[in-house]
Amino acid sequence: MKRKKGKAQKRRKYFTLMLIPHNSGRVKTLKTTHPVLKLFLLATFFVSVIMALIYQLMLIKEENLRLRKEYSALNLFLTEQQKLAIQNLSVISEIEKLEKISQEKIEEFHYQIQNLVKNYIDKETKTLAINRSAIASNPAISFAGKISELKALLKFLEDADKEEDKLFSELAEKKFELENYLNSLPTIWPTEGFIESGFGNRLHPIYKKYHFHTGVDIAGEIGNPIYAAASGTVIAVGKNGGYGYMVDIDHGNGLVTRYAHCSKILVKKWQKVKAGEKIAEVGDTGVTTGPHLHFEILLNGEPIDPVIFIGTEQN
């Protein structure tokens, strides 16, 4: 029995791990059997998988927190803007109705004034014809009274004209402000094409790593025109790392649009641009796999999904 046990021990395979120092220190050896090594490698694999899963869960949790925060801020902003837009559209509609009513009333008022003046002149003409002898005897007193009446009528007409001008001026100013507000919302598609890569997490086409895509990529050809998605002020132009040649436009209310990978820029910093105005041309500058427009919308410095404003199809 002892002899068989000894033979079994001899047949058992061992693995030896040697740790050799760079200096003249002592060499250390670690001897283990094949089953133990398998168990160790298996345990190491499972620990690595668990650690990787924990790391991914932490990343997902962090991303969810960031998205929740962004969604809450965006939802609040959009709710306020939607209410304001509806209110403004309602005001514009009321203004247009008021303009129509005011115009009708003013035309009616002008007609009444014309009749008033005509009746006054007719009346005075008849009075003059009847009282020629009285006027001849005391012309100064008679004409002084008539001149006073005419001046009062003239002042009334001047005041009416001023009120009319003031009304139309106020209406035009309010309408202009509301139209400017609507034009400052980035709702215009910035170039012709279709969205080839959306907003959010994606596998980077060049680095082959997952990362957060802060805008949308609109496919296009080099030289295609790029338009301002809304009216605003150009706050940045030039080359910017992976963005290549880019343009940033501030639209107020915390909204900024970004146009990247341009081949040509047609605007200057601090220039005022109108919604739909050509500002650049599509290119492939910066880190890109081909010509396209990378379009971003930032709300208070944080990127939000441009589809919220421009939709998924060209308008």
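Taken together, the values in this text are just the output of simple stated rules run on the coordinates, not laboratory data. Everything numeric here is computed off the predicted structure, so don't read it as measured data. Counting neighbours? That spans all protein chains shown, and the Cβs are built from the backbone with ideal geometry, glycine included.
How would region 195-310 be classified by its alpha-carbon gyration tensor: rounded, prolate or oblate, with rounded meaning a/c under 1.5 and the a/b versus b/c comparison settling the rest? Oblate.
Counting Lys and Arg as +1 and Asp and Glu as -1 over every other residue whose Cβ lies under 9 Å from the Cβ of residue 295, the net charge comes to -1. Peptides 241-253, 51-63, 206-218, ordered by how many other C-beta atoms sit within 10 Å of their residues on average, highest first, read 241-253, 206-218, 51-63. Annotation: peptides 43-49, 22-28, 185-191, ranked by per-residue average of other Cβ atoms within 10 Å with the highest first, follow the order 185-191, 43-49, 22-28. As a calculated quantity, the FRET efficiency between residue 20 and residue 53 at R0 = 30 Å, using C-beta atoms, amounts to about 0.25.
On full extension of the chain, what length is gained from residue 46 through residue 240, given 0.36 nm per residue of separation minus the C-alpha to C-alpha distance?
Difference between extended and current length: 65.5 nm.
Here residue 176 and residue 308 are evaluated by their C-beta separation; at R0 = 30 Å the FRET efficiency comes out at 0.65. Overall form of region 251-302: oblate. Here a/c, set by the Cα gyration tensor axes a ≥ b ≥ c, is 1.5 or more, and a/b is not larger than b/c.
If the segment from residue 196 to residue 32 were pulled out straight at 0.36 nm per residue, it would be longer than the present Cα-Cα gap by 53.5 nm.
Per-residue extension of 0.36 nm, minus the Cα-Cα distance of residue 62 and residue 209, leaves a gain of 51.2 nm for this segment.
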